[in-house]
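Undergrad: One structure, as structure tokens, below. Some questions next.
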Amino acid sequence: MKRKLVSAFTLLETVLALAVFAIVVVPAIGLVALSYRNTSTELAAPNAVEIKSLLELELRGAEVIDAGAGPGGTDLIYNVFHNSFLDSDVIFYGSKDFQELEQNGAGMSDDEKYYKVSVSVPVDYVYDPDDAYRVFLFNIIWPAYVEGTGGVFVDNEDNAEGLRQMVLPTVLRK
């Protein structure tokens, strides 16, 4: 009579295999779930290089009007390299596809205003007019306007939980 050799895993080998599985595979599954959530967020995020380039072009042509501040009550106009340029809010609005981007969004309807860009300077940065450059921060939030009741688009800035945000630094040379 021939004996058959039966091979099987011992209890120790089985426990070790389950421990390795728990240590390696379970966190990997969590990472996949986390990356899936981040992917959906990134799909809504603007292309940082594209929007930064567009904003730099717009900012170069931007002007701030100080109504009645000049001699005889005339308006003063400040360009981006003037010290008083950021004395008031400088805001741009952009459409979702970046086909439209304009200062204050005056020529855009509320349903076109998807991105809101506030221009500011970094903390503790002091601009010297003799410098060959000026540093700015673009604070981008979206969606700036959302559809409210009755199909009317309303400002979404108060809805902090529903907003996405990105801050991009930039340097403009004279």
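Undergrad: Skipping prolines and chain starts, which residues have an amide H placed within reach, meaning under 5 Å, of the one on Tyr145, given they are 5 or more residues away or on another chain?
TA: Asn156
Undergrad: If you line up the long axis of helix 48-61 against the longest principal axis of the chain, both from Cα atoms, how many degrees apart are they, to the nearest 10?
TA: Approximately 0 degrees, to the nearest 10.
Undergrad: I want to verify the translational diffusion coefficient of the range 71-174 in µm²/s; compute it with Stokes-Einstein, Rh as the Kirkwood radius over Cα pairs, at 10 °C and 1.306 mPa s.
TA: Answer, rounded: 103 µm²/s.
Undergrad: Sticking with this one: Would you mind checking Lys113/Lys174; Lys96/Lys116; Lys52/Lys96 for any pair whose Cα atoms are more than 18 angstrom apart? Can you show the working numbers first?
TA: Values: Lys113/Lys174 30 Å; Lys96/Lys116 11 Å; Lys52/Lys96 15 Å.
Violating the 18 Å Cα-Cα cut-off are Lys113/Lys174.
Undergrad: Mind checking the dipole of the range 44-123: about its Cα centre, +1 per Lys or Arg Cβ, -1 per Asp or Glu Cβ, Debye to the nearest 20? Please list the in-between numbers first.
TA: Numbers: 5 positive and 14 negative charges, 48 e Å.
Taking the Cα centre of the range 44-123 as origin, the dipole is about 220 debye.
Undergrad: Please report the accessible area of Met166 (heavy atoms, 1.4 Å probe, ligands and nucleic acids excluded) in Å², nearest 10.
TA: So the heavy atoms of Met166 present about 40 Å² to solvent.
Undergrad: With point charges of +1 on the Cβ of Lys and Arg and -1 on the Cβ of Asp and Glu, referenced to the Cα centre of the chain, which listed residue (Phe138, Met166, Tyr114) lies farthest in the positive direction of the dipole?
TA: Met166
Undergrad: Related question: How much mean residue ellipticity at 222 nm does the chain get from its helices, if each DSSP H run of length 4 or more adds -39500 (n - 2.57) and you divide by all residues, to the nearest 500 deg cm²/dmol?
TA: Taken over the chain, the calculation gives -9500 deg cm²/dmol.
Undergrad: Enter the mean projected area of the convex hull around the alpha-carbon atoms of the range 74-134, in nm², rounded to one decimal. Don't skip to the answer; put the middle values down first.
TA: Details: hull surface 23.6 nm².
Value for the range 74-134: 5.9 nm².
Undergrad: Over the Cα atoms of the range 101-141, each weighted equally, I'd like the Debye log10 I(q)/I(0) at q = 0.20, 0.32, 0.35 Å⁻¹, rounded to two decimals.
TA: Log10 of I(q)/I(0), two decimals: -0.71, -1.13, -1.23.
Undergrad: Which whole-number percent of Cα pairs in the chain have a distance greater than 24 Å?
TA: Values: 8499 of 15051 pairs.
Distances greater than 24 Å cover 56 percent of the Cα pairs.
Undergrad: On the full set of protein chains, 1.4 Å probe, figure out the accessible area of Phe81 and give it in Å² to the nearest 10.
TA: 40 Å²
The values are calculated or read from the model by the stated rules, or taken from the named source; none is laboratory data. Computed from a predicted structure; not experimentally measured. Note that each Cβ is placed from the backbone with ideal geometry, even for glycine, and that neighbours are counted across all protein chains shown. These area figures cover heavy atoms from the full protein model, side chains too; ligands, DNA and RNA do not enter into them. Shrake-Rupley method; radii C 1.70, N 1.55, O 1.52, S 1.80 Å.
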